[in-house]
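Asker: Quick one: the structure is below, questions incoming.
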Amino acid sequence: MKRTLGSMALGTFIMVLVSSSAVAQRPYIFGGGGATAPSGEFNTYAKTGWTANGGVGMDLALKGAWIEAEGFYGSNKHSDVTGDKTNVIAAFGSIGYSFMPDKKISPYVLGGAGIRAHQFRSEDSPLTNGSSTNFAYTGAAGLSYTMSPMVGFWLEGRWIGSEGTNLMPLVAGVTLHLGK
């Protein structure tokens with residue numbers, strides 16, 4: 001119930017921002033990659049793996065604020081059985097805030113909600129392959145570095161939480177602004 005109310009509150013907040021006149025026309029695309037450490041129950045059998053992410057977003061007129069749609073794909077091999085692995089696919093709607101948007105280096109935070117698919121794959125026992133899809137949430141803290149008005153670099157630590165599959169990615173990437 002708390003997750004549902006939190007998701008509804010976040011969705012309402014994002015819709016108010018998007019539908020208000022506070023939306024600036026400064027879209028961007030981004031992509032990155034890095035390492036992902038399993039946490040919680042997932043950590044009992046999964047090793048540190050890799051992840052890639054990308055998406056689209058838009059800076060808002062509220063200086064330092066943005067909204068985005070983002071996707072993640074990652075893979076973690078298992079420590080208990082050779083040849084077993086879990087692929088994690090997630091999609092989020094997120095809102096972020098940069099604390100010093102006019103500076104070359106700026107810390108930021110981000111939060112979002114969406115879905116996560118957990119796909120189990122076994123080389124030795126393909127009949128045990130399976131997947132599940134659940135509600136997921138994310139939070140991140142990072143640093144962005146403005147290389148030019150159109151290009152930025154970022155480094156962030158993130159939490160992706162979902163029933164039975166929690167991850168802590170450390171990701172670096174590039175942002176390309178498409179508008180002026």
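Asker: Within the set of pairs 6 or more residues apart or between chains, which connect a residue that is on the phi > 0 side of the Ramachandran plot inside the stretch 79-105 to a residue that is of a type outside the set (A, V, I, L, M) with Cβ atoms less than 7 Å apart?
Answerer: Gly83/Ser122; Gly83/Glu123; Gly83/Asp124
Asker: Then there's this: Can you pull out every residue in the stretch 120-164 that is part of a strand (DSSP E or B) and farther than 24 Å from Ala69 by Cβ?
Answerer: First, pick out the residues of the stretch 120-164 that are part of a strand (DSSP E or B): 120-122, 130-146, 151-162.
Passing the criteria: Phe120, Arg121, Ser122, Gly130.
Asker: Out of curiosity, is Val151 touching a strand residue (DSSP E or B) at 6+ places or on another chain (Cβ under 7 Å), more than 22 Å from Thr36 (Cα to Cα) and among the hydrophobic types (A, V, I, L, M, F, W, C)?
Answerer: Taking the combined requirement at face value, the residue satisfies it.
Asker: Testing Ser122 on (1) within 14 Å of the chain's Cα centre (by Cα); (2) in contact (Cβ under 8 Å) with a residue 24 or more places away in the chain, one condition comes back false. Which one is that?
Answerer: Single failed check for Ser122: (1).
Listed here are the residues, each with its yes/no results for (1) under 22 Å from Val151 (Cβ atoms); (2) part of a strand (DSSP E or B).
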| position | (1), (2) |
| --- | --- |
| Gly71 | yes, yes |
| Lys77 | no, yes |
| Asp80 | no, no |
| Lys85 | no, yes |
| Ala90 | no, yes |
| Ser94 | yes, yes |
| Ser106 | yes, yes |
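Asker: I'm trying to understand the selection: among the residues of the stretch 162-176, which are surrounded by fewer than 18 Cβ atoms within 10 Å (Cβ to Cβ) and modelled with pLDDT under 95?
Answerer: Scanning the stretch 162-176 gives Glu163, Gly164.
Asker: Take the residues of the stretch 69-117 that are among the β-branched types (Val, Ile, Thr) and closer than 18 Å to Thr51 by Cβ: which is surrounded by the fewest Cβ atoms within 10 Å (Cβ to Cβ)?
Answerer: Only one residue tops the list, namely Ile115.
Asker: Against the definition (under 20 Å from the mean Cα position of the chain (by Cα), farther than 26 Å from Ser106 by Cα and either at pLDDT 85 or above or not β-branched (Val, Ile, Thr) (or both)), how does Thr48 come out, yes or no?
Answerer: The answer is yes for Thr48.
Asker: Okay, next question. Could you tell me which numbered condition Met168 fails, if it satisfies all but one of (1) more than 19 Å from Thr48 (Cα to Cα); (2) under 19 Å from the mean Cα position of the chain (by Cα); (3) of a type in the set (A, V, I, L, M, F, W, C)?
Answerer: Answer for Met168: the failing condition is (1).
The values are calculated or read from the model by the stated rules, or taken from the named source; none is laboratory data. These figures come from a predicted structure and were not determined experimentally. Reconstructed Cβ throughout: ideal geometry from the backbone, glycine too, with neighbour counts over all protein chains shown.
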